[in-house]
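Asker: Let me begin by handing over the structure; questions about it come next.
The values are calculated or read from the model by the stated rules, or taken from the named source; none is laboratory data. Keep in mind that what you see is a predicted model, and the values were worked out from it rather than measured. With ideal geometry, Cβ positions are generated from the backbone for all residues, glycine too; neighbour counts draw on all protein chains shown. With ligands, DNA and RNA removed, areas are computed over all heavy atoms of the protein, side chains included. Shrake-Rupley method; radii C 1.70, N 1.55, O 1.52, S 1.80 Å.
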Amino acid sequence: MDAKSIALLEFPLIRERLAAAAGFGPGRRLAEALAPSADRVVVEIGLDETSQTRELLAAKPQAGIGGAQDIGPAVERAARGGRLDAAQFAAIAATLEAGSRLRDALAGDRRPLLNALARDLHGLPALRSTLERSFDPVGDLLDTASPRLGGLRRATRLAYERLRSRLEQLVHSTDVGAALQDPIITLRNGRYVVPVRADARSRVKGIVHDASGSGQTLFVEPLVAVELGNAWREAQVATQQEIERILDELSALVGSQAGPLGEVLGALARFDLWSAKARLAEEMDANRAEVGVRPEIILKGARHPGLVGRVVPIDVELGTDFRALLVTGPNTGGKTVTLRTLGLLALMHQAGLHVPADPGSRLPVLRDVFADIGDEQSVAQSLSTFSGHLRSIVRIAEAAGPNTLVLLDELGAGTDPTEGSALAQALLDHFLRAGALVAATTHYAELKVYAHTTPEVRNASVEFDLETLSPTYRLRIGLPGGSQAFAIAERLGLPLPIVDDARGRLTEGQKAFEETLASIREADTAARRALDRARAAEIKAAEAQRIADDERRRARRDRDAAVAAARADAERLVDDLRAEIRGAQRRLERETVTAPALDEVMERAEEHLARLPQPAPAPVAAAPAEPVDWRVGARARSRTRGWEGRVVALERGGRRATLEVGGVRVTVGVEDLVPALVDAAPAGPGRRERSEEADSGITALRLDRARTIASSLDVRGARVDEALEIVGRYLEDGALAGLPKATIIHGHGTGALRDAVRAATATHPLVRTSRPGERGEGGDGATVVTF
């Protein structure tokens, strides 16, 4: 992309910030080389790198390349057969350790780019263990680096100690000590010597290695210490040869792993760059812009990355309903900042960086971005402001085309206003015909009219506060701006007659144009304020609605909990009632229950039924009932239960009566009984035993006794004996409830449960027919019975 425009839009400053956020040299070099790309695939990969690393660092802030060093030159030297020193080996070991930690942090990560990067972080366990065994943490070679090194070092230390001990004896002896300048041992040319006075040279036999500047002192290696010195020197040479052999061997090992080491270093450098991009995005409160498929720019809440302090965000659109944007307004109002923001964010996006804009922003992948911003006048090159601008515009006009962005500051300025505005309009037409997106700034009124009358061009303005004489930096698309020269001059103290005289020199058309613009701006401001108030009211109403919804949900939860508790109580009471009735039925079958015991069971059942929640009956005005002299055989109906039948017994002095209802006997208080509407005559041939009213009483009893009987029973998963017991109870309750038929779901399985259920239902006294289910009824996995 155009290098000059990249520099004008200050993208190098973004690179500098990115490099400063990198952790080590290779990552910094990648940051310094980062450039916008016109390849959509490359752009999307770069954006994915930033996004995935931001997600990782948010979850694992400790993930990083801490301790990694630039081992590239050392690895390359080793690959060429060179010898590495201890510091370079320590750097390689630290880098491998950093790669291992990063690989552990990325373990199991499903983000594709991070997962692929982790595969390049080779562990190289053999090399790591060899280096750890050979060097200590500060980089010194350990005795364990080879089998011989430890022994050689011990021999060297022993030879040294013998040499020092012998020299100490000589220095402090009577004969030699008197000939010394000082009783010390020093080193000359790698040999230990003693300082002998020149006048006493004959008293110390040995080899002279050096003399003082005055010649008064000679540095002599005594003959008695020469052999010991030779032994120490030989031990040193042997140790050094072993060290060099070890370093050569380790260097060859590093050279053999140059490829994997290069991949580890490259992966660490890439992650360092990605982390720097993620940290820069967090620092700028940036977001990932959507990658548009069409050349459309939509920036919401965009902020220039170079601005500090309170930054006013702007909303910019280009390429949607119009392809050229003409920004007007006073100086220092933010026109140029708008162009720089637009261009710099487009470059950042195409470099794989998140942009300082709100979510929902969209940027395309442009073929190129061109900018002519700033003053390029040059005395040395005989260029005026106009000439400098025009030279850049000539270059841009030749290169601009479809899917390019052109940014022009003060278009047509620096020359005669009439000619400058005409040239500016011609240039804008040229860029539109070429298919480019254009954003330009100007002060010319003719260009405002041009933008208003040209379909693909739109006016925009930067606001200016006349009260404070300061710009607000807000961008308003759709309205041209004014230079506000007269208002600013008046506020700054220019005499009013001069200002009025200047206003009077405007043509009537110019005055009308400015007045129209002012009225439009006032109306637009009023509309925006009304819209802001409406939005505030909408937010307030939405909050009130949310609170009301929360209250309704809370009340519904409370109600549901109360209903569930009541239902649970009711089901428990019904279960108790059924248990009482079944117990009574079993004792009746064994003929072991007496009438008083049956009365007690029925009283307890009635108590249970009375505790069930009943719907409140509508108040009905009823005539007071007259006392009835009940006798056995009379037909009666319960007012509260609706049961109707024949009185078969009177107990407790006539206060309680036993009714026979459909083969079931129930005991009620006589105060609850009223005469039946139709009294049943004794049964005879061809005559029904019960009237329709009696049938309704039986139906009421059935419905009252079995309120929760479903039309199907699911026994899948139960053992055969458990299932048969459940089926037996269900058939009794279903018959009592008056169900016409029922479906028993037993599934297919091994067939044992199915066969047992069908055998039990085929012989059950309450079942009329039993058959396998048909399609829609569960098929062979269900049995359908009719009562």
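Asker: Just read off the accessible area of PHE322 with the full protein assembly in place, 1.4 Å probe, to the nearest 10 Å².
Answerer: Rounded to the nearest 10, the figure is 10 Å².
Asker: Whose amide H sits under 5 Å from the amide H of ALA211, counting only residues 5 or more places off or on another chain, with H placed in the peptide plane?
Answerer: PHE219
Asker: Which Cα, out of PRO125, LEU114, THR95, lies furthest along the positive dipole direction of the range 55-197 (beta carbon charges, K/R +1, D/E -1)?
Answerer: PRO125
Asker: Also: Percent of Cα-Cα pairs more than 17 Å apart in the range 191-294, please.
Answerer: 75 percent
Asker: At a 1.4 Å probe radius, which order do ARG310, ARG758 fall into by accessible area, largest first?
Answerer: Output order, biggest surface exposure first: ARG310, ARG758.
Asker: Hey, what does the equivalent ellipsoid look like for the range 406-479, semi-axes from the Cα gyration tensor as sqrt of 5 times each eigenvalue, largest first, whole Å?
Answerer: 23, 15, 11
Asker: At a 1.4 Å probe radius, which order do HIS748, HIS349, HIS209 fall into by accessible area, largest first?
Answerer: On the way: HIS748 115, HIS349 0, HIS209 50 Å².
The ranking, largest first, comes out as HIS748, HIS209, HIS349.
Asker: Separate question: If you place +1 on the Cβ of every Lys and Arg, -1 on the Cβ of every Asp and Glu, and leave all else neutral, what size is the dipole of the range 158-273 about its Cα centre, to the nearest 20 Debye? Kindly include the intermediate steps, with their values, before the conclusion.
Answerer: On the way: 12 positive and 15 negative charges, 111 e Å.
My answer is approximately 540 debye.
Asker: Under unit Cβ charges (Lys, Arg +1; Asp, Glu -1), what dipole magnitude, rounded to 20 debye, does the range 292-349 have relative to its Cα centre?
Answerer: 180 debye
Asker: Using a cut-off of 27 Å between alpha-carbon atoms, which lysines can reach LYS540, once sequence neighbours fewer than 8 places away in the same chain are excluded?
Answerer: Cross-link targets: LYS300.
Asker: So if I restrict to the alpha-carbon atoms in the range 59-124, what is the Rg, and what is Dmax, the biggest pairwise distance, in Å?
Answerer: Cα radius of gyration and Dmax of the range 59-124 are 13.8, 43 Å respectively.
Asker: Give me Rg/Rg_expected for the range 4-47, where Rg uses Cα atoms only and Rg_expected = 2.2 N^0.38 Å with N residues.
Answerer: Compactness ratio reported: 1.23.
Asker: As an exercise, find the ratio Rg/Rh for the range 179-233 from alpha-carbon atoms, using the Kirkwood inverse-distance average for Rh. Working shown, then result.
Answerer: Details: Rg = 10.5 Å, Rh = 11.1 Å.
Here the Rg-to-Rh quotient is 0.95.
Asker: Starting from the alpha-carbon convex hull of the range 243-326, give the projected area averaged over all orientations, in nm².
Answerer: Across all orientations, the range 243-326 yields a mean hull projection of 10.8 nm².
Asker: How much net charge surrounds GLU551 when only the other residues with a Cβ under 12 Å from the Cβ of GLU551 are counted, with Lys and Arg +1 and Asp and Glu -1?
Answerer: In short, +3.
Asker: Inverting the mean 1/r over all pairs of different Cα atoms, compute the Kirkwood radius of the range 97-214 and quote it in Å. Spell out each step's value before the answer.
Answerer: Values: mean 1/r = 0.0506 Å⁻¹.
Taking the inverse mean of 1/r over all distinct Cα pairs, the range 97-214 comes out at 19.8 Å.
Asker: Still on this structure: Kirkwood hydrodynamic radius, the range 147-242, all distinct C-alpha pairs: what's the number in Å?
Answerer: By the Kirkwood definition, the hydrodynamic radius is 13.9 Å.
Asker: Order ILE745, ILE207, ILE373 by their accessible area, 1.4 angstrom probe, all chains in place, largest first.
Answerer: ILE207, ILE745, ILE373
Asker: Per residue, how much accessible surface does the range 740-787 expose to a 1.4 Å probe? Answer in Å², no decimals.
Answerer: It amounts to 55 Å² per residue over the range 740-787.
Asker: Once the whole set of protein chains is in place, how much accessible area is left on HIS304, using a 1.4 Å probe, in Å² to the nearest 10?
Answerer: Accessible area of HIS304: about 20 Å².
Asker: Rounded to a whole number, what % of the accessible area of the range 216-286 do carbon and sulfur atoms account for, probe 1.4 Å?
Answerer: Of the solvent-accessible surface of the range 216-286, carbon and sulfur hold 53 percent.
Asker: How large is log10 of I(q)/I(0) for the range 226-365 at q = 0.13, 0.14 Å⁻¹ when the intensity is taken from the Debye formula with one equal scatterer per alpha-carbon?
Answerer: Debye output, listed in q order: -0.71, -0.77.
Asker: Note down the accessible area of ARG133, probe 1.4 Å, to the nearest 10 Å².
Answerer: Counting only protein heavy atoms, ARG133 exposes about 120 Å² to solvent.
Asker: Taking every alpha carbon pair in the range 708-787, what does the distance histogram look like in 10 angstrom bins from 0, in percent?
Answerer: Here the calculated profile for the range 708-787 is 20, 59, 20, 0.
Asker: Largest first and in whole Å, give the semi-axes of the range 287-355's equivalent ellipsoid, each being the square root of 5 times a Cα gyration tensor eigenvalue.
Answerer: Each semi-axis is √(5λ); the values are 20, 17, 9 Å.
Asker: If you place +1 on the Cβ of every Lys and Arg, -1 on the Cβ of every Asp and Glu, and leave all else neutral, what size is the dipole of the range 703-783 about its Cα centre, to the nearest 20 Debye?
Answerer: My answer is approximately 180 debye.
Asker: Projected onto the charge dipole of the range 227-314 (+1 at Lys/Arg Cβ, -1 at Asp/Glu Cβ, origin at the Cα centre), which of GLY306, LEU280, SER251 gives the Cα projection farthest towards the positive end?
Answerer: Comparing the listed Cα positions along the dipole, GLY306 ranks first.
Asker: How high is the relative contact order of the range 387-451, in percent, counting Cα pairs under 8 Å that sit 6 or more residues apart? Intermediate values should be presented prior to the final figure.
Answerer: Numbers: 68 pairs, mean separation 26.1, N = 65.
Over the range 387-451, the number comes to 40 percent.
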